[in-house]
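Student: Below: one structure in structure tokens.
Each reported figure results from applying straightforward, stated rules to the coordinates on display, with no laboratory input. Keep in mind the model is a prediction, meaning the values are calculated, not measured.
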Amino acid sequence: MNRLARAGIAARLMTAMVLVVVSAALTAWLVGGAVGPALFHRHMLRAEGSPGTVVEHAERAFASASALTMAVALTASVLTALLASMVLARRIGASLGSMSGAAGEVASGHFDVQLARPRVGAEFDELADAFNAMAARLNADEALRRRLMADVAHELRTPVATITAYLDALEDGVTQLTPETMDVLRAQASRLARLATDLAAVTQAESGALNLHLHAASPIELLQAAALAARARAEGSGVQLVVEADCAAAQVCVDRDRFAQVLGNLVDNAILHTPRGGTITLAASEAGARVRLSVIDTGEGIPAEHLPHVFERFYRVDLARDRVHGGSGIGLAIVRALVQAHGGTVSARSDGLGAGSRFDIELPAA
């Protein structure tokens with residue numbers, strides 16, 4: 001039964017034809033065995049008092065029995081063929097009808113539609129599964145688009161309002177174009193540019209359209225490169241960068257440019273939230289068949305209720321504080337999207353405010 005359920009439509013059609021042939025043969029055998037001898041015996045009894053030879057009567061008896069047997073067998077095979085055809089036609093028609101209706105729903109923009117597996121054949125089940133996967137992907141893309149539009153509208157409001165206010169003040173003569181005013185306008189313009197760049201990166205990564213060029217790399221080299229790139233910013237903020245690793249032999253397969261972006265975002269985030277005199281440690285260790293890369297700081301820490309949300313786009317633990325820092329609000333969302341694109345996971349830990357934070361990336365060992 002399970003084997004038949006997994007069979008394709010061609011196998012089911014062949015099964016139906018075999019069923020027709022078998023039913024015809026079985027009917028002929030049953031009818032021939034039940035009716036033939038009785039007809040033959042009746043004809044032979046009539047032959048005793050009627051003209052004609054015994055052979056002639058035997059031939060007529062055989063012809064009558066054969067004709068009746070073939071007629072009943074043919075009728076049974078035709079009825080079986082019609083019944084099998086009707087069952088297959090109804091099931092295939094119903095399956096195609098439901099698929100057509102679901103396709104119409106998707107064409108109308110309703111991406112939450114789901115098809116039940118018709119169980120007509122393996123091809124139809126695979127088609128239903130592929131359709132459901134397509135609809136789920138379209139639904140996810142639509143949700144991503146709506147969330148992106150809402151996030152962009154929210155994040156653009158402040159810098160655009162600031163730029164507009166300063167331009168109106170300059171036009172009305174309320175303020176003058178001073179170096180301070182230029183710094184404010186340039187900072188808001190830079191914020192808009194950074195937001196556009198970060199949005200493009202996270203959207204590309206979350207949509208699965210990111211092309212990764214994977215190569216084996218040493219975790220120590222990745223951490224040292226991230227520390228070197230952030231050294232000047234850390235020194236300017238009075239923060240010390242330390243690299244520690246105990247898995248010199250283990251390697252990971254990463255896109256070096258994309259993974260540099262991952263570590264860079266984590267280190268920048270740590271620098272922003274670590275006060276002067278603090279320390280940021282970049283560490284690597286083996287975790288079974290995986291390699292763990294960690295960014296640990298002695299900074300402000302994260303309250304427990306915020307930890308599940310820190311990788312969400314535009315989520316800020318402290319809205320006023322983070323806006324002063326000038327981040328786009330999606331740096332950690334980019335981190336999660338890029339790490340997942342590498343087949344890894346990322347998590348955040350903290351013992352609360354003032355206790356520092358720890359971000360762990362786990363990747364399969366090469």
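Student: May I have the extent of the alpha carbons of the stretch 166-223 along their three principal axes, as whole Å values ordered from largest to smallest?
Tutor: 60, 29, 11
Student: Check which residues have an amide H placed less than 5 Å from ARG290's amide H, if you skip close sequence neighbours.
Tutor: Amide H neighbours of ARG290: ALA365.
Student: Let me ask you something else. Could you give me the radius of gyration and the Dmax of the stretch 215-364, taking only the C-alpha atoms into account and expressing both in angstrom?
Tutor: Gyration radius and largest Cα-Cα distance of the stretch 215-364: 14.4, 44 Å.
Student: Report ³J(HN,Hα) in whole Hz for each residue of the stretch 136-142, in order, from the Karplus equation J = 6.51 cos²θ - 1.76 cosθ + 1.60 where θ = phi - 60°; Gly and Pro get x.
Tutor: Ordered by residue, 3J(HN,Hα) equals 5, 5, 5, 5, 5, 5, 5 Hz.
Student: Further, regarding this structure: Would you pull out the residues with amide H under 5 Å of GLU244's amide H, same chain only if 5 or more places away, H placed 1.01 Å from N?
Tutor: When sequence neighbours closer than 5 places are left aside, the close amide H contacts are LEU282, ALA283, ALA284.
Student: Could you let me know the centre-to-centre spacing of the stretch 68-104 and the stretch 130-189, using Cα atoms, in angstrom?
Tutor: Taking the Cα centre of each part, the stretch 68-104 and the stretch 130-189 sit 61 Å apart.
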